[in-house]
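Everything on this sheet refers to the single structure shown next.
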Amino acid sequence: MSIDLTTEFIKQNLWVSAPVWSLAAAAALVLLVGAFRPRSTHSLLPALGLIGVIVSGCVTVHASQIATAPLGMQSIDSFTVVFDLIILIATAIGIIISSPYVNRESLARGEYYALMMFSSSGAMLMGASDNFIMMFLGLELLSIPLYVLSGFRRLEGISQEAALKYFLLGSFASAFFVYGTALVFAATGTTSIAAALAANSGAMLTMGVGMVLVALGFKVALVPFHMWTPDVYEGAPTSVTAFMSVVAKAAGFGGLARIVAPGLSPNWHLLLWLLAAGTMIWGNLIAIPQQNIKRLLAYSSISHAGYILMGLLTLSRDSVAGVDGMSAVLFYLLVYTLMNFGAFAVVIVFAGSGDKAEDIDDYRGIARRSPLLAALMSVFLLSLAGIPPFAGFFGKLFLFSAAVQAGYPGLAVIAVLTSVMGVFYYLRVTVVMFMEEEPASGVADKPSVSASPTYGFVLGALAALVIVVGILAAPVLNWTAGGAESLTAGRPAASASVRYCALCRLQRFISRPFAFDCTELRNLRYR
Amino acid sequence: MTWIPFVLIAAVAVFFALYLVLSKNAVHGALSLVLVLVSLAIFFLLLGAEFIFIVQVAVYAGAIMVLFLFVMMLLNVGGAEGPLRENPSWQLAAAIVLGCVLLFEAALHIARAGEGVRHFPQAIAADFGSPERIGQLLFSSYLLPFEITSLVLLAAMIGAVVLALRRFP
Amino acid sequence: MDIYSAVPFSAWLALSGLLFTIGAIGFLIRRDPIVMFMCIELMLNAGNLLLVASARYRAVMDGQIYVFFVMTVAAAEVAVGLAIIVAIFRQRLDIDVDEMSEMRG
């Protein structure tokens, strides 16, 4: 065997991995500038990071048109592109939201942004990997910076606790991933995901895939692997929590999609079903009594993982259901990014310097002092709850209908019921903000909450997007459907035009100004 | 009779693994983990993985475990600590369930050992596991993952430095 | 030494399974973070043993390459993990997980 280091080979490798290395290179640049520039120029760093993210987005789109030859490690198909762009959008929002926060809490350093971007490149790697080795490296590149970031408030015990807890449980999950993939390799003799799952060999493969699912379940915080979530979310710096709740989750689901898409053995469908149902029920149930807003959002993020897993489950069916389900998943990931970042940004603004006011009680009557902020928070919370006309509603609707269509009506019923449960605790915060009186003692000495210009801009933009994506769901869904398509490429498929129609027709039907007509709903034939 | 080396080394590995889990003293635990790693290294050699054997001894048993011991000495931990949690919590319940499942799996494989179909192939390429072959694979099929490890290591290095700084300048 | 004809693949599987189980149980019952971390190392090594054995069993080198990557990543994890533990220890001179009680619920 000779080493084939031809120019063509290296070129292909470079283009296939372009999304990852372009972002990592930007991260290294931010790091270097942060290290060598004087402290006064540190406000340049987030701007530099943002430019890096945008360049990386362009490189991703460009690379997808050049790199065609599959190298067996990583692929840059349309799913990768859509997934990477969602991750990059999340990274950009994360950087913007972080910059005033880290200045306020004096955490501003080049390393902060660099680690965030490294973590995102790991997330992109997970969603693009065709090989278990690659996915393992992506998982670690995602996780290791997150361990550090959650302990970034190094002088506060609660942040360090979060880092340690996340690190120990994350590494424990990684060990499961390694052993699971080792079992898969023992059973099949390959580390390629598609080849390994295509092999039809019994118990050892099943066991191995199970352990891999457990490891990824840890990352996306599925019940019963969610124990770390509330503590880590509460202890980590709020901007890191927001980033983690979106990017780590998306990465885990990207990895899961790559494993479920080649066709998982039916043994696992029931397990995934149970995981999704348990996550939706338990996440929503435990969120209700929470008193701390970050813990509330932590449990809410657990329940959202359940909804997304439900969409992912449709990949196990035929390719039509799979495309609908997966495009709904990608759509939901995008919408979830917008609304969750929005909610956490409001939490950052309300908490004030030193992150003091993070209990729901602190939100009492806050609408009097800052009606606009309270209104924005309500938009994000109502969208998370899935109330029309916000984007969260359409995201949930697409997921539910995809589940019904793929033959999981029971799961869809559970999802609807638990969303109703979710409405309760999201609305509670809104009610506390608008209906209740502020505690009399505190009014005098409390300064009025005002958002910095950055937050004003970000919050306004995010709220606008949550509404716009809701109204214009059809084109966005078309875009995500294009990504979903490549995942199910190998399966028997309906024609593309029909496929695109399925959910878009539903969306057009719904965005007709709320004139619900049950007969039309019943007559709506998907294909 | 060729069972004997396997059984002996396996017994050493399992014994010291148990010692790590059950000993009260963290430093003793670390030293027993070194012995587990060394016995696994011998297995790697028997299984035709020369390169992995060297890395295991030099990096794992050497560098990584020295780092562990160094931190323990630095922090002056490793004194008397109860080996088990006092209060049975969810961890204990999870440990029992998980242990049963995993042990069941191990037992299943032992039970299957008698079938005789699962023997190793005798003939194998002469350079199987040699550094040359590893190098060739790393720079051809596994070029991308190999490059990615540089990112993982860089991120870890930055992270360790940030966490270890006493205060931000 | 003709160890291949005497020791079937299943024996290696069982040994690695046993080591992994010991590591996992150790992680769950111990409360010293450093020991918990060493249990994770034990679990990773059980995975490595299985990978090397099955690479020989399948006569495919990919398993050994995977082990190489696992070791690299383990080194990175150790650096970060020990840095976290050192940072905490400086802060409170006590690294007992059970006594961390700022967060409950």
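Close amide H pairs (under 5 Å, H built 1.01 Å from N) link residue A:131 with A:193, residues at least 5 positions away or on another chain. The 3J(HN,Hα) values that the Karplus relation (6.51, -1.76, 1.60; θ = phi - 60°) gives for segment A:284-291 are, in residue order, 6, 5, 6, 5, 4, x, 5, 9 Hz. Gly and Pro appear as x.
A Förster radius of 25 Å combined with the Cβ-Cβ distance from residue A:195 to residue B:132 puts the calculated FRET efficiency at roughly 0.45. The phi torsions of segment A:192-198, fed into the Karplus equation with coefficients 6.51, -1.76 and 1.60 and a -60° offset, translate into couplings of 6, 5, 4, 5, 5, 6, 6 Hz, rounded to whole numbers, with Gly and Pro shown as x. Fewest neighbouring Cβ atoms within 10 Å first, the residues A:336, A:455 line up as A:455, A:336. Charge dipole (Cα centre; +1 on Lys/Arg Cβ, -1 on Asp/Glu Cβ; no other charges) of segment A:58-210 amounts to roughly 260 debye.
Relative to a virtual label point 7 Å from the Cα of residue A:420 in the Cα→beta-carbon direction, which members of segment A:283-302 show backbone nitrogen distances below 15 Å? Answer for this model: A:285. Simple rule: put +1 on each Lys or Arg Cβ and -1 on each Asp or Glu Cβ in chain A, find the dipole, and look at A:335, A:286, A:209; the Cα lying farthest toward the positive end is A:335. Working note: Karplus 6.51/-1.76/1.60 with θ = phi - 60° gives segment A:457-474 the couplings 5, 4, 5, x, 5, 5, 4, 4, 5, 4, 7, 5, 4, x, 6, 9, 5, 4 Hz, where Gly and Pro are set to x. Would you mind checking which residues have amide H under 5 Å from residue A:359's amide H? H placed 1.01 Å from N; only 5 or more apart, or other chain. Those lying under 5 Å, H to H, from residue A:359 are A:293. Fewest neighbouring Cβ atoms within 10 Å first, the residues A:437, A:140, B:105, C:77 line up as A:437, B:105, C:77, A:140.
Between residue A:269 and residue A:427, the simple spin-label model (points 7 angstrom out along Cα→Cβ) gives 3.6 nm. In a reduced charge model with +1 at each Lys and Arg Cβ and -1 at each Asp and Glu Cβ, chain A shows a dipole moment near 580 debye about its Cα centre.
Taking 7 Å steps out from each Cα toward its Cβ at residue B:66 and residue A:44 produces label points 4.0 nm apart. Measuring r between the beta carbons of residue B:123 and residue B:3 and using R0 = 22 Å, the FRET efficiency lands at 0.50.
Arranged from fewest to most other beta-carbon atoms within 10 Å of their beta carbon, B:2, A:337, A:454, A:188 become B:2, A:454, A:188, A:337. For chain A, averaging the sequence separation of C-alpha pairs within contact (under 8 Å, six or more residues apart) and dividing by the residue count gives a relative contact order of 14 percent.
The stretch between residue B:59 and residue B:157 holds 33.6 nm of extra length on full extension. This uses 0.36 nm per residue minus the Cα-Cα distance.
Computing FRET efficiency as 1/(1 + (r/R0)^6) for residue B:14 and residue A:36, where r is the C-beta to C-beta distance and R0 is 60 Å, gives about 0.70. Shielding value for B:61-74 is 3, the average number of Cβ atoms from other chains within 10 Å of each residue's Cβ.
Shape class for chain A, computed from the alpha carbon gyration tensor (a ≥ b ≥ c): oblate, with a/c not under 1.5 and a/b at or below b/c.
Spacing of the modelled spin labels on residue B:24 and residue A:51, each 7 Å from Cα toward Cβ, amounts to 6.1 nm.
No value in this document is a laboratory result; all are computed from the given coordinates. Everything numeric in this text was worked out from a predicted model, so none of it was measured. Because the Cβ atoms are built from the backbone with ideal geometry, glycine has one as well, and the counts that use them run over all protein chains shown.
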